[in-house]
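What follows is a short report on a single structure.
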Amino acid sequence: MIASVRGLVVSRRPDGVVVECAGVGYRLAVSAHTLQQVPAVGDEVFLHSHLIMRDDGMHLFGFSSEDERSLFLLLLGVQGVGPKVALAVLSGGTTGELLNAIAAGDAKRFQ
């Protein structure tokens, strides 16, 4: 598994970033929150990551913190929640805000 990626930011797009590590460019899908933390193209970045292997390919997801990755993995454990939905949820606020909303039973925040 690829647990983290450190390297130069090659591109930043709304759906993800490309980070070059030792001559290899890794495309990572990221939440809006993580994208805000990614520096400008040409700067160095460190992202925690999670690799999902499926029949249609390998999909790498990047996170600005270990807590965000942990919440992503918890969300994947919910029936009907896939990686895209989990990233959309993570884009709705900081990890702390989302955990507080879950603890408070704030279902409207996730609709």
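The values are calculated or read from the model by the stated rules, or taken from the named source; none is laboratory data. Only a predicted model underlies this, so the values are computations on that prediction, with no experimental measurement involved. Neighbour counts are summed over all protein chains in view; Cβ atoms, including those assigned to glycine, are modelled from backbone coordinates with ideal geometry. The accessibility values were calculated without ligands, DNA or RNA, using every heavy atom of the protein model including side chains. Shrake-Rupley method; radii C 1.70, N 1.55, O 1.52, S 1.80 Å.
For this structure, a couple of remarks:
- Within segment 1-110, helices (runs of 4 or more DSSP H) holding 3 or more residues that are out of contact with any helix residue (DSSP H, G or I) (no Cβ under 6 Å at 6 or more places or on another chain) and open to solvent by 50 Å² or more (accessible area, probe 1.4 Å): 66-76, 83-90, 95-103
- Pairs, first over 17 Å from Val89 (Cβ atoms) and touching a residue at least 12 places away in the same chain (Cβ under 8 Å) in segment 46-65, second β-branched (Val, Ile, Thr) and open to solvent by 40 Å² or more (accessible area, probe 1.4 Å), C-beta under 6 Å, six or more apart: Ser49/Ile2; Leu51/Ile2
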